[in-house]
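None of the figures in this text is laboratory data; all of them are computed from the coordinates on show. Keep in mind the model is a prediction, meaning the values are calculated, not measured. Cβ placement follows ideal geometry from the backbone for every residue including glycine, while neighbour counts extend to all protein chains displayed.
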Amino acid sequence: MVQNENLGRIKCENCGRTDALDPKWKYNICKNCASEKIDEVFRVWATEILGFNEELREFLPQLPRDLFFLTLKDYISDNELKQKVDNALKSHPDTRYSSMDLKQIAKDEKEKLLTAGIPSQKVACDECNSYYDINGIWPYKICQKCALNEKYKWEDLWLSELGYDEEFSGIIPTPPIDIKKYRIDSTFNTESLGRSKTPMTKEAASRIQSHADKTETNQDFKARAMSAASKSSQKKK
Ligand SMILES: [Zn+2]
Ligand SMILES: [Zn+2]
C-alpha cells in the first residue's frame with residue numbers, strides 16, 4: 001500500500017483516491033474498487049455460469065467464497081504474503097487452483113448447488129401460472145419473470161416512499177427485497193404449488209395441458225393438474 005505524506009491515509013492503486021488507513025484491510029485497492037471487482041465476477045457467475053439475468057441478484061446464490069478470494073488475491077498489498085498465497089495455490093494438489101481455473105471452480109459450485117438443493121422439476125408459477133424449472137439454484141414459488149417484476153415493484157414502492165420517481169430506478173439504493181417469502185419451504189410438494197393463492201381453474205389446467213402437449217413432457221403433472229381442476233370445480237357446485 002502506498003503510504004501518503006498524510007499519516008494514516010492510503011492511496012488506492014486502482015482509482016487513486018485516498019482513504020483512511022484501516023489496518024485490517026490487506027489490499028492495495030480501496031473497498032469501493034474491491035467491491036466493483038467482485039461485482040464483475042458476480043456478473044459472470046450469475047449470467048454465464050448460472051444462466052440468469054443479473055438483475056435477479058437478490059434471488060441468486062452468492063458468489064462462492066473461493067471465487068471471492070481468488071478475485072482479490074492479486075491485490076494483496078503485502079508482497080511477502082501475496083507470494084505465500086501464490087505459492088500455496090501453485091502447489092495445490094487440486095489442479096483447478098494450481099491452474100487458477102476460475103470457470104471450472106464456478107461450474108463445480110453450480111453443480112453442488114444443484115445436487116444439494118431441491119430436485120429439479122417443472123412447476124406452475126404462483127403468479128402467472130406459466131411453467132418454469134425449480135431446482136437448487138431457483139427454489140422459488142414464482143418464475144424468473146415474475147421475480148423480476150416483484151423486484152421492480154418493490155423498488156418503485158420504495159422510490160415513491162423516498163420521494164423519487166421511476167427514472168431514478170436502479171440509481172437510488174432501496175432496501176433489499178425479502179426473498180424468503182418466495183422460497184419453496186423445505187416441506188414442499190408440487191401439489192401445493194400454484195394453489196396457495198388461487199385454486200387451480202379449468203383455464204389454468206388447460207393451459208398446462210396445452211403446454212404439456214407441446215412439450216410432450218410432464219404427462220404425470222398434467223394428469224394431476226386436470227384432476228385438481230375437476231376437484232376444485234366440484235367444490236364450487
Ligand atoms: Zn479505488
Ligand atoms: Zn410467473
For peptides 85-93, 147-155, sequence by mean Cβ density within 10 Å, most packed first: 147-155, 85-93
Sequence-separation-based contact order of the stretch 1-116, relative, with Cα cut under 8 Å and 6+ spacing, percent: 19 percent
Which order results if Cys15, Cys33 are arranged by neighbouring Cβ count within 10 Å, fewest first? Cys15, Cys33
Near Lys180, which aspartates and glutamates are there with a Cα under 12 Å away, not counting those fewer than 8 places off in the same chain? Glu58
P(r) for the stretch 1-116, please, calculated from all Cα pair distances in 10 Å bins and given in %. 12, 36, 31, 18, 3, 0
Tell me, what ³J(HN,Hα) does each residue in the stretch 135-143 have, in order and in whole Hz, if you take phi through Karplus 6.51 cos²θ - 1.76 cosθ + 1.60 with θ = phi - 60° and put x for Gly and Pro? 6, x, 9, 10, x, 10, 7, 10, 6
